[in-house]
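Submitted below is the structure of interest, expressed as structure tokens.
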2 protein chains.
Amino acid sequence: MDSHFIKQLVNVVGEKHVLHTPEDLAVYSYDGTFAEGSPEVVLLPANTEQVSRVVKLAAKARVPVVPRGMGSGMAAGSIPMVEGGMVISLTRMNHILEIDTENATVLTEAGVITADLQAAVEKIGLFYPPDPSSIRHSTIGGNIACNAGGPRCLKYGVTGDYVLGLTVVLADGRILKTGGKPIKDVTGYDLNGLFTGSEGTLGLVTEALLRLVAKPRFAKTALAEFASLDYASRTVTAILSAGIVPASLELMDQTALVCIEEAMHLGLNTDVEASLIIETDGADEQTVTNEIVSCVKICKETGAQSVKLAQNETERASLWKARRSISPSLARKAPNKLGEDITVPRSAIPEVIQRLRKISAKHGLPIAIFGHAGDGNLHPNILFDKRQPEQWGKVEQMVAEIFEASLAVGGTLSGEHGVGMLKRPYMEKALGSVSIDVQCHIKQALDPLNILNPGKIFPA
Amino acid sequence: MDSHFIKQLVNVVGEKHVLHTPEDLAVYSYDGTFAEGSPEVVLLPANTEQVSRVVKLAAKARVPVVPRGMGSGMAAGSIPMVEGGMVISLTRMNHILEIDTENATVLTEAGVITADLQAAVEKIGLFYPPDPSSIRHSTIGGNIACNAGGPRCLKYGVTGDYVLGLTVVLADGRILKTGGKPIKDVTGYDLNGLFTGSEGTLGLVTEALLRLVAKPRFAKTALAEFASLDYASRTVTAILSAGIVPASLELMDQTALVCIEEAMHLGLNTDVEASLIIETDGADEQTVTNEIVSCVKICKETGAQSVKLAQNETERASLWKARRSISPSLARKAPNKLGEDITVPRSAIPEVIQRLRKISAKHGLPIAIFGHAGDGNLHPNILFDKRQPEQWGKVEQMVAEIFEASLAVGGTLSGEHGVGMLKRPYMEKALGSVSIDVQCHIKQALDPLNILNPGKIFPA
């Protein structure tokens, strides 16, 4: 990268915010996956105007631009595909600009940590529901780029359901403003929807106007254990068919339960095929209680071996402890894990889990499965040791087979992580060539020079 | 239109389904507005394959294609912009293809009447919530083209929130399939969102896979009357802030109330500035009752002059009668009405209504205002006599001023009707030139010959 170009970048964002030593660049070469890719320069702009000026320079010089939040992504979307180009880190843009209590909206910069935003609005009785498990270290901008989900999304919807408006720096550096405070808007194409989940390939989201709801004041939680996965799956359908929409309906399979129990000694029954954590929430305690009691009743009718209903906050925290311990528990079981994010029609959960088990048995590596059963969104985690090259070879093969299993039952590659670099080889099979062609035309229309996060989403 | 081309069309859809007599064409020259535009030919294809073949012929011959459902649109989106071209009416594609009870989805052809679809799924305990007032004569395909809303959308969301997948015939006749039964899907760009609300300018939606929910079993309704609009508006915010999300929060202003009372003699208090109809619904009777009782309490605290809570279904129907009688009542008051569809931030409802009153006073024509207060989505209806040319001139001026009023308070041109031909002149002011440019690039990318519904959405 020539020194004249670097100087131009320094002129925009200041010397301190242009990083190019090998040590600095190394920090921005990773995300939440096993992929790596080093940028030539990292910029830390302070505002939308600076992002716009930097992208204009990049466009002129044909330098690839990779937008990045905290780099916790699970699809290698925020690291350069090939060596080179610039990473634009939005972490300095971490200010909440306005909370409008009357309209229940928040205007925020993209670099705000999602948990910080949630805490700020909860202080005044409002609520931003999406809760990806990275919530404490991922940014709103990253969540928007991936259209992130989380356990609460069954009831409340995903990140995109809360996006009312965006400030986006386009591929030529122009600044686009979409949407506004009105809840309904059919004036032209749905640009909020198009940019949300586009993983930085169509523009850099620098600010977002988000819809909020009233903070639920009560929550009740139950844990149900099922001898058979079919029973657990049937229970999910029965609860939703009864008109109850729990905040969460989280599934853990036997392999996950065994890992958790070995690590945490919580007294979980590891002889069962699956457990469900069910949580209801809302503004009215009686309603929340009625709903969880109905869920418990349904669990018993649909074949639960046991159901525990938390009687107080301590018991509630203890039920969630199993679910929250999954990641550290898996880490104790094997040096590495690779977590996928398939989503299937709810009715196909038992079948896809059977298929995943066969994949595990075939390759001799465990797959722990947990996820958001109400949405059909499962996280199969392959447990392995990356230091053993033959295991890594198996893992790559298993990932391909996991995607095949999902597509075979009418599922999809990703429910909340995105495509990034890693799922590109499977895109055409998942979506078909016409869909890929339509999406490439949109990409080409908005980024004709292909400088925005090149090498992501689309098959090479 | 040359006879060879007509013959090719006949070969695809059959002689009976190619209309070109002046009488037949006249039927397809109108929609729910005052606009007119005659096609040269109307086609009634039986399936997606026929639509695809017809669009291929149209593309080759550079003939404009205007997709149409039942022609009840409120923005002149489904009639030709200029004389000529073909209308493709999807009304023969009126079959429900699959109801999947376990996954709560319905696969339907685009020409199914929305009320028919609702009745079919309600028979088995499922529920398709969007309820545009045209529900008994508009089609699912038309609803998707406009991303239609309705009173229930406060709680349940708009049409787009239920679209899981689409079959779309593209501008070159290729068939695109988007989405699927998984509830969450971030595999690539959100094409469901892009096509929904695109008013037939990017493709013809021929089939849709829609998400369903459990049918709410109970509903409770109250009518609250407010001496001041400010009180009514404050009530809306207070109810939502309390964590209650009613199915509907419908507002009627004094002009609307006077019209209804004059026509229907329902005993409405016409001395008040506004009434709110509040409805809660759900699976559990006690919860639904608790919620409406809380709403009634809030109404009283926030200054309602009177609140009536329906004690049974008869009383409930009687409260809704006022809201449902608005259209016929306005028709009695003046020979013509022109209804707009602005959406403003909830907090701006009182201010925008003041502005609308000034517009009414300035031009000497009444504006009756009603709409979905919870969403900030208002329908100002100008009452006039089209036979008097100077009145029509005033109406056109008033429409422009209504849009200005909405934009001035942070609102938008349309919450659920769409842009069509009629709102094009205001688009640049509403969205800004960058947004229009981005949207035109998307249109150009997907319809390079500009044959799909030309002259709609975008400024000339």
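The values are calculated or read from the model by the stated rules, or taken from the named source; none is laboratory data. The shown structure was predicted, so the numbers you read here are calculated from the model rather than taken from an experiment. Neighbour counts are summed over all protein chains in view; Cβ atoms, including those assigned to glycine, are modelled from backbone coordinates with ideal geometry. The area values use the complete protein model at the heavy-atom level, side chains included, leaving out ligands, DNA and RNA. Shrake-Rupley method; radii C 1.70, N 1.55, O 1.52, S 1.80 Å.
Among the β-branched types (V, I, T) and surrounded by fewer than 24 Cβ atoms within 10 Å (Cβ to Cβ): which single residue out of B:T178, B:T167, B:T206 fits that description?
Criteria check complete, one pass: B:T167.
What number goes with the only condition from (1) at positive phi; (2) touching an Asp or Glu at 6+ places or on another chain (Cβ under 9 Å); (3) more than 10 Å from chain A (Cβ to nearest Cβ) that B:G200 does not pass?
(2)
May I pose another question? Check off (1) surrounded by 24 or more Cβ atoms within 10 Å (Cβ to Cβ); (2) more than 27 Å from the chain's Cα centre (by Cα); (3) not in a helix (DSSP H, G or I) for B:T270 and give me the number that stays unchecked.
That leaves (1) as the condition not met.
Now for a separate question. For segment B:45-104, what are the residues that are small (G, A, S) and without any contact (Cβ under 8 Å) to a residue 40 or more places away in the chain?
Scanning segment B:45-104 gives no hits.
Considering only segment A:91-112, how many residues are open to solvent by less than 20 Å² (accessible area, probe 1.4 Å) and away from every other protein chain (no Cβ under 14 Å)?
Number of matching residues: 6.
Let me ask another. Does segment B:42-57 contain any residue that is of a type in the set (G, A, S) and open to solvent by less than 10 Å² (accessible area, probe 1.4 Å)?
yes
Restricting attention to segment A:130-140, does a residue exist that is open to solvent by 30 Å² or more (accessible area, probe 1.4 Å) and within 12 Å of chain B (Cβ to nearest Cβ)?
Scanning segment A:130-140, I find no residue that is open to solvent by 30 Å² or more (accessible area, probe 1.4 Å) and within 12 Å of chain B (Cβ to nearest Cβ), so the answer is no.
Also: Are any residues in segment A:73-90 within 24 Å of the chain's Cα centre (by Cα), in a loop (DSSP other than H, G, I, E, B) and buried (at least 18 other Cβ atoms within 10 Å of the Cβ), and if so, which ones?
A:G73, A:M74, A:A75, A:A76, A:G77, A:S78, A:I79, A:P80, A:M81, A:L90 - these are the residues of segment A:73-90 that are within 24 Å of the chain's Cα centre (by Cα), in a loop (DSSP other than H, G, I, E, B) and buried (at least 18 other Cβ atoms within 10 Å of the Cβ).
So which helices (runs of 4 or more DSSP H) are wholly in segment B:324-417 and hold at least 3 residues that are within 14 Å of another protein chain (Cβ to nearest Cβ)?
In segment B:324-417, B:349-363, B:389-408 are the helices (runs of 4 or more DSSP H) which contain 3 or more residues that are within 14 Å of another protein chain (Cβ to nearest Cβ).
Return the residues of segment B:444-460 that are more than 8 Å from chain A (Cβ to nearest Cβ) and either surrounded by fewer than 19 Cβ atoms within 10 Å (Cβ to Cβ) or on the phi < 0 side of the Ramachandran plot (or both); say none if nothing qualifies.
Scanning segment B:444-460 gives B:D447, B:P448, B:L449, B:N450, B:I451, B:L452, B:P454, B:K456, B:F458, B:P459, B:A460.
Within segment A:308-323, take every residue that is in a helix (DSSP H, G or I) and of a type in the set (G, A, S) and give me the one that is surrounded by the most Cβ atoms within 10 Å (Cβ to Cβ).
Among residues in segment A:308-323 that are in a helix (DSSP H, G or I) and of a type in the set (G, A, S), the one surrounded by the most Cβ atoms within 10 Å (Cβ to Cβ) is A:A322.
As an exercise: evaluate B:L449 against (1) in contact (Cβ under 8 Å) with a residue 12 or more places away in the chain; (2) in a helix (DSSP H, G or I) and give the number of the one condition it does not meet.
Unmet condition: (2).
Moving on. Return a yes/no flag: does segment B:113-128 have any residue that is at the interface with chain A (Cβ under 7 Å from one of its Cβ atoms), buried (at least 19 other Cβ atoms within 10 Å of the Cβ) and in contact with a Gly (Cβ under 9 Å, 6 or more places away or on another chain).
Scanning segment B:113-128 turns up no residue that is at the interface with chain A (Cβ under 7 Å from one of its Cβ atoms), buried (at least 19 other Cβ atoms within 10 Å of the Cβ) and in contact with a Gly (Cβ under 9 Å, 6 or more places away or on another chain).
Mind listing whichever residues of segment B:440-458 are over 21 Å from the mean Cα position of the chain (by Cα) and not charged (D, E, K, R)?
B:C440, B:H441, B:I442, B:Q444, B:A445, B:L446, B:P448, B:L449, B:N450, B:I451
Out of all the residues in segment A:238-262, which are within 14 Å of chain B (Cβ to nearest Cβ) and open to solvent by 20 Å² or more (accessible area, probe 1.4 Å)?
A:A238, A:L240, A:S241, A:A242, A:G243, A:V245
I would also like to ask the following. Within the set of pairs 6 or more residues apart or between chains, which connect a residue that is acidic (D, E) inside segment A:346-361 to a residue that is not in a helix (DSSP H, G or I) with Cβ atoms less than 7 Å apart?
Once the first residue is acidic (D, E) and sits in segment A:346-361, its partners that are not in a helix (DSSP H, G or I) give A:E351/A:V409.
Of the residues B:E404, B:E390, which is closer than 28 Å to B:G197 by Cβ and open to solvent by 10 Å² or more (accessible area, probe 1.4 Å)?
B:E404
Taking the condition of being touching a Lys or Arg at 6+ places or on another chain (Cβ under 7 Å) and open to solvent by 10 Å² or more (accessible area, probe 1.4 Å), how many residues in segment A:409-441 meet it?
5
Applying the selection to segment B:211-237, what residues are within 14 Å of chain A (Cβ to nearest Cβ) and assigned to a strand (DSSP E or B)?
B:R211, B:V213, B:A214, B:F218, B:A219, B:K220
I'd like the full set of residues that are facing another protein chain (nearest Cβ under 8 Å) and hydroxyl-bearing (S, T, Y), limited to segment A:155-197.
The answer is A:T178, A:T187, A:Y189, A:T196.
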